[in-house]
């Protein structure tokens, strides 16, 4: 009888034909491609010992057997009666994902409806997968005993005997370079011994030995507050319990949360464990990382500024247990710690913890997943917690809340002044950049030789050029947004697609031609105004135009600490993560503009940003004052920020969220389609929404389909955008519908791109 081909759907194998039964190892492999399934391959006996779960392997795919790579996610030794394609090779054998990380990857892929292969790819840095920094090192060992070599009648020269004697003294293979040096012979002597069959060579991939820069250990001396001591004891008990727990460390700015992290990490290290401390952005937390690295003996700092070789080396050191504390940004949550005992997430509310590429995971939630799987505690720290985490700390059994209600040493919170710029303009009968209160308090600060921070969350000189006659502005040709004027280059720049054009002086409409005026302010304009009002002040602007490299920010922090700068003017880059003892004044300009968003999290973000930047003032004995300029003083977020009243804000916010079924009372998934042709993207979005609604109805699932709707930023980078929002009150239902859509290819579309974002942090 001839063979009968069976489909992949029937067998789960890549390629199966009936035939003689075979026995061997079958590997389940997730290819590093946008496919939502895994494939089975046979493991050749020649590489069987090297193939394990988490290994990066080379495989053939498709009818033509095109070479690609993937991760081994399962192994099974069994008999099969078909033909499987074999794994071709193991890529960079020393580097792999542990079975624990592979299982975490499965959970992430399921949670965020992303392909497993691409999820695992995101977990292991490219430099590690490519084996950067690895070199092939030769090792030699005796192929037969020294006695048998001497007894076979072979004539041994003095040099050959020295080589063999050196090898005979070793219990294991010896590095060839070390061997030749110890024996005092040349490589030619070794080649002769290999040719005679006396010596065999083994090749291993190893990292070059590197000399790390020494770090001065600095241990500050101070007494813990009662609240800090209580918080540390609480977390120590959680570590000792050997069970999962999530603790929200809710402490006002300056309350000493960092010291709680340090003492908790030390307790984990004392038990022989490793610890991970996650920070939102290394550039924004330069001081924190520097201070923490100086308080531990073996620290790995993981950030985007590392070279590929450094990344590979750090991965290997963590995996080998040579580094017991890992400090880093998003990717550090996947550090290959073999004995992890604690995870701390600083500033857990930060939106930068959300990965904006597939898989679109949130680091905080992945940290919680990992802690749950390992049965270890996770500490989530913030002065302004996310609404979701606050809610969990109130209603979930495994969550608790630790409160640090006061600044250390009893320092008072800064006094916040809210200035209504509508009244200011009416009273002065002109547009102003700095209110009278801000100008007065800033002047007093400089007179006392103290420092100040001014937040203006918009780069550039003016927000837009505007025609007073016809109302037209300078719009980006690729995005439906106004372009921002930058005076230093005399250009108008789109802050979404980076398009630049010379700033026009007159209206482009041929029927108008009126002279354009500039409206709004940016950091460049604030810098210019401060130079006019306070010519002796040393002002430094901090935004993505001036801080193009991490080293620029590190230099700025150093200059500000040494008081070579009096006033920092910048975007949200200066709103958090800074701790300067001489800062006594903070100003916030255009606070209402921070809230101009259709996103349901807009008020939350405004409260967090204003509260965080206000917390930079008065942290070391100097009384702090804050001026917030706004045209919407009635906003709930600003009213609560005025008195640093997070709890009142969050209770009102929870009521508003509950009324519309948004997080934390509901779970969301956002599908964003984009294409150059507006009609096509609209029709494809309607068709996709129809398929989703039909599937929900057929399965009887409680899911609301909101849309399709034009995105708030309708056109970006030359593409029109439409989104569909799925809302449900049960997370399990969301997983079910998203994974079913992925598995049945219902998400295929003619649109240029489709972004699947589960638990989105932004709806813009």
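Of note:
- Length gained on full extension, residue 291 to residue 224: 22.4 nm, using 0.36 nm per residue less the C-alpha separation.
- Per-residue extension of 0.36 nm, minus the Cα-Cα distance of residue 397 and residue 151, leaves a gain of 81.1 nm for this segment.
- Degrees separating the helix 158-168 axis from the principal Cα axis of the chain, which is the longest one: 70 degrees
- Remark: relative contact order (the chain) = 10 percent; criterion is Cα-Cα distance under 8 angstrom and separation of 6 or more residues.
- Computed lengthening from residue 636 to residue 558, 0.36 nm per intervening residue step minus Cα-Cα distance: 24.4 nm
- The range 134-207 - percent relative contact order, Cα under 8 Å, separation 6 or more: 55 percent
- Label-point separation in nm, residue 89 to residue 549, each point 7 Å along Cα→Cβ: 3.6 nm
- FRET efficiency for residue 686 and residue 472, using Cβ-Cβ distance with R0 set to 35 Å, rounded to 0.05: 0.65
- Contact order relative to length of the range 8-124, as percent, for alpha carbon pairs under 8 angstrom and 6 or more apart: 33 percent
- Neighbour counting of Cβ atoms within 10 Å sorts the residues 83, 38, fewest neighbours leading, into 83, 38.
- Per-pair calculated FRET efficiency, R0 = 56 Å: residue 423 and residue 322 via Cβ, rounded to 0.05: 0.35
- Per-residue [θ]222 nm for the chain (sum of -39500 (n - 2.57) over DSSP H runs n ≥ 4, rounded to 500): -9500 deg cm²/dmol
- In degrees, nearest ten, helix 436-447 long axis to first principal axis of the chain (Cα): 60 degrees
- Packing rank of 679-687, 607-615, where each peptide gets the mean count of other beta carbons within 10 Å, highest leading: 607-615, 679-687
- Least to most buried among 585, 222, 207 (fewest other Cβ within 10 Å first): 222, 207, 585
- Residue 432-residue 515 FRET efficiency (beta carbon distance; Förster radius 30 Å; 0.05 resolution): 0.85
- The distance separating the Cα centre of the range 719-754 from that of the range 33-55 comes to 30 Å.
- Distance from the range 94-150 to the range 618-660 (C-alpha centre basis), Å: 49 Å
- On Cα atoms only, tilt of 257-270 relative to the major axis of the chain in degrees: 20 degrees
- A rounded overall shape is assigned to the range 226-410, the ratio a/c of its alpha-carbon gyration tensor axes (a ≥ b ≥ c) being less than 1.5.
- Tail weight of P(r) past 41 Å, computed on alpha-carbon pairs of the chain, percent: 44 percent
- Remark: 494, 470 ranked as 470, 494, counting other beta-carbon atoms within 10 Å and listing the fewest first.
- The distance from the alpha carbon centre of the range 320-349 to that of the range 549-574 is 27 Å, rounded to a whole number.
Throughout, read-outs are computed from the coordinates displayed, never taken from laboratory work. As the structure is a computational prediction, the values presented were derived from the model and not from experiment. Cβ: placed from backbone, ideal geometry, glycine included. Neighbour counts: every protein chain shown.
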